[in-house]
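Contents: one structure, followed by commentary.
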Amino acid sequence: MEAKADEWMPQLDDWELVARAQAGDENAFAMLVRRYQVPVIHFCQRMTGSAEDAEDVAQEAFVRLHRHLKRLKPQARFSTVLFGIARNLTLNYLRDMKRRGRGQSRPLETCPLPDAEGRRPDVEARMGEIERLLEEGIARLSPAHREVLVLREIQGLDYDAIATVLKCRKGTVKSRLARAREQLRQRLVSLGGEEI
Amino acid sequence: MSDKHVLDALSAYIDGEAAHPDRIERHLRRCPECARRHMELLKLSSHLGAMNVPEVPPEFLTRVMAHAREAEMLPARRFWLPASPGWVAALALIVVGLALLYGARPNGSTPATTSREQVAVVRDTTLYLDDEAVVDAMAKLMDEGVDLTYVAPDASGDWLPEDNFITYDEMVVSLAEEIEDEGGDPYLGGDTNVYGLIDGMGSSEAAVLGSLLTDYMGEG
Ligand SMILES: [Zn+2]
């Protein structure tokens, strides 16, 4: 029974789950998916600007992970391997969109809706407004700036981990992130979020 | 000692990655302009961190598992699929890869000559090349002394020596940096756009490389 497996699975670290999955344990692989589905879909969503497509891209990332399982070696942090795959797929996605004439990723429509009684407390409205501005700002960043910002600010990866995902130097992470933040800050100000 | 503004260092500072945090801290106490920017960056960070997290439908896991199983069942595929639409894209990548490797600008007129024979093998996402075939063909080529570079969209070639492996986006990034160095914006503007460059590769160059590759891979 699956639930039974889950009772002990959470205690295993990522690479232990990978080792079990490599040996053919499907529950271990499923546990990895469960552990990372939210961050990976979230990452893809911010990169592609489409909630729907993000799920497809994330799904493909996990399928590829599964296909490459046998060759994975526990050397880097597991999350950097997974984000590396997801990141390449989002870049391919953006490239394909561009070919089809949809270069710019669109801001998501995740602004919270009023509740059943139509109430929407001020704080919540303000939060929704900020989120909308942020989404618009993120969508307008170049892919290189967007990915570094999302990996740092939304996924919480440190500079070393980001450098591993992007296969670049730490100094590049640092300078690119500073530029991404500055662009986003300026855009927020120009979009009307004077005091962010 | 000069007391310059620290605006450019604030991003690294809030991540605990600044080279001289003490200096920045001291400056922030005296400079309202930098202190204000510091606060703005902190707020920006906290807003970004508080963005809505997607809700994942329960079917997601089921779908992943089904597709993973399905992918496992697929028979080994042919190494090159010249007739597939992905082939064109793959060739474009090869040309860019070679232009980079030869130290020439992709749209430049003077490719630097080199005695090294280089072949780039591309694994395009649309092709799903069979891993074993790639490994075999590459090993064979390397045995023959061909200096070969594998351009891949992911880390699938990272078993190769570093000099023989470059990912698609490393290539894009180095191109982007080249364009940036010359004052262009690689992700905006028509022809100077990285993706535009890749898409705009000439078909004659592609054809030459295509036949070169077919010669090498044909026997495999
Ligand atoms: Zn200052």
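Rule-based calculations on the coordinates, nothing more; no lab input. In this text, all values refer to a predicted model and were calculated from it rather than measured experimentally. Glycine gets a Cβ as well: all are built from the backbone with ideal geometry, and neighbour counts include every protein chain shown.
General observations
- At 1.002 mPa s and 20 °C, Stokes diffusion of segment B:3-49 via Kirkwood alpha-carbon radius, µm² per second: 201 µm²/s
- Pairs from A:98/A:170; A:70/A:170; B:4/B:43; A:70/A:98 whose Cα-Cα separation, in the structure shown, is over 31 Å: A:70/A:98
- Binning the C-alpha pair distances of segment A:52-96 at 5 Å intervals from 0 yields a P(r) profile of 5, 22, 31, 23, 12, 6, 1 %, listed from the shortest bin outward.
- Averaged over the residues of A:59-68, the number of partner chain Cβ atoms lying within 10 Å of the residue Cβ comes to 6.
- Descending semi-axes in whole angstrom, ellipsoid equivalent of segment A:1-105, from the Cα gyration tensor: 29, 14, 11
- For A:77-84, mean number of other protein chain Cβ atoms within 10 Å: 1
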